[in-house]
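Some notes on the structure that comes next.
The values are calculated or read from the model by the stated rules, or taken from the named source; none is laboratory data. Computed from a prediction, not measured in an experiment: that's the story for all the values here. Because the Cβ atoms are built from the backbone with ideal geometry, glycine has one as well, and the counts that use them run over all protein chains shown.
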């Protein structure tokens, strides 16, 4: 795998240096590859046998996007792609603007966050170029930017799904919202309370603040052994999530508890252990690989035959988003977000891009956000959509 990644990384460096020909639809892929850290000015790879770990996610996303372009063009060339390493001098957004490298693009697919995301969103608005924000779960405060499509839903959208599922599945349960001290967890709980207060269907729940070294015995006083207990891990902190999962695995009366985690629990390998088998653990995600899916199985087999390992989530996301949006733009000349027209381009997940308007009476959406979020239950080693 290491040798394969090094070779692919070197080939990518040459591809970016040489550029690519233009076809009908021109895709600009913006990601972080850190090529300036890996190659010297003559184009020689300078890290010897090592590989820059910080570049892995961007490289895998790029690999998936390349596979998507190849799939679209398998009969007739329809789409070309230019890759911009936003961590390099010649791929920085300021350099690209100065040299008018973005003007010729038909669509931007961005694996970017923070200031890079904001700059690209502003470019999309000013130049009227559709921009797909692939992984950043935030709107960054952008307004009146109807060319921006946020694929990774924001936290409040996940909380809305959790709210709905709580009322639907456990209207009479003992629901406890566990959190740490601090503004980050307070903000998430506050958002949930606002959703609950503004809903016709309101959940009754208690809040418990856990100390940094908490264990299961710290959770026990909040449980009611006469009914179902729903334990919500109300924090986006990875260490808290891991500690919470380990704590509940030690509880002997597993039949009376249900656990709900935050976004990110879909990638927690900890909860796949045998000691979690009897505990129903729920989490939300906008990215789900259905069990037995034919395309996923084929990609899995092909990737393992080349690299020796399973395809990463970044690779599959790169493929899915590039294939979906490039096909729609090529077919219709614009981005369509609903209707039967977009269904033929589905790969794994159902997208549901809806206009978001911060001013309800506004005629123009501030952006579009994917509202399709899956509520997953993991029980006895099997994950199922609820």
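Listing for the model above:
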| quantity | calculated |
| --- | --- |
| Yes/no for residue 320 being outside any strand (DSSP E or B), surrounded by fewer than 20 Cβ atoms within 10 Å (Cβ to Cβ) and assigned by TED's automatic domain parsing to the domain that holds residue 68 | no |
| Residue list for the range 198-216, restricted to those being in a loop (DSSP other than H, G, I, E, B) and either surrounded by 13 or more Cβ atoms within 10 Å (Cβ to Cβ) or touching a helix residue (DSSP H, G or I) at 6+ places or on another chain (Cβ under 6 Å) (or both) | 199, 201, 202, 203, 205, 210, 214, 215 |
| Hits in the range 222-249 - residues which are touching a residue at least 60 places away in the same chain (Cβ under 8 Å) and not in a strand (DSSP E or B) | 236, 240, 244 |
| Single residue of 195, 219 found to be under 23 Å from residue 279 (Cβ atoms), in the same structural domain as residue 259 (by TED's automatic domain parsing), assigned to a helix (DSSP H, G or I) and in contact (Cβ under 8 Å) with a residue 12 or more places away in the chain | 219 |
| Test: residue in the range 280-288 that is assigned to a helix (DSSP H, G or I), within 22 Å of the chain's Cα centre (by Cα), surrounded by 14 or more Cβ atoms within 10 Å (Cβ to Cβ) and not assigned by TED's automatic domain parsing to the domain that holds residue 352 | no |
| Enumeration of residues in the range 153-164 that are surrounded by fewer than 20 Cβ atoms within 10 Å (Cβ to Cβ) and part of a loop (DSSP other than H, G, I, E, B) | 154 |
| Residue in the range 109-119 that is closer than 30 Å to residue 364 by Cα, surrounded by fewer than 17 Cβ atoms within 10 Å (Cβ to Cβ) and in contact (Cβ under 8 Å) with a residue 60 or more places away in the chain present | no |
| The lone exception for residue 140 - which of (1) buried (at least 16 other Cβ atoms within 10 Å of the Cβ); (2) over 20 Å from residue 86 (Cα atoms); (3) in the same structural domain as residue 317 (by TED's automatic domain parsing) it fails | (2) |
| Within the range 289-312, tally of residues that are over 17 Å from residue 346 (Cβ atoms) and buried (at least 17 other Cβ atoms within 10 Å of the Cβ) | 4 |
| Flag if residue 178 is in a strand (DSSP E or B) and under 18 Å from residue 356 (Cα atoms) | no |
| Strands (runs of 3 or more DSSP E) lying entirely in the range 342-386 (those with 1 or more residues that are touching a strand residue (DSSP E or B) at 6+ places or on another chain (Cβ under 9 Å), farther than 19 Å from residue 136 by Cα and in contact (Cβ under 8 Å) with a residue 12 or more places away in the chain) | 374-379, 382-385 |
| The one condition in (1) at positive phi; (2) under 23 Å from the mean Cα position of the chain (by Cα) that residue 308 fails to fulfil | (2) |
| Conditions (1) touching a strand residue (DSSP E or B) at 6+ places or on another chain (Cβ under 9 Å); (2) part of a helix (DSSP H, G or I); (3) surrounded by 21 or more Cβ atoms within 10 Å (Cβ to Cβ); number of the one not met by residue 315 | (1) |
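Quick grid of which residues meet (1) assigned to a helix (DSSP H, G or I); (2) closer than 22 Å to residue 368 by Cβ; (3) outside the structural domain of residue 332 (by TED's automatic domain parsing):
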| position | (1), (2), (3) |
| --- | --- |
| 63 | yes, no, no |
| 69 | yes, no, no |
| 76 | no, no, no |
| 84 | no, no, no |
| 94 | yes, no, no |
| 109 | no, yes, no |
| 117 | yes, yes, no |
| 123 | yes, yes, no |
| 126 | yes, yes, no |
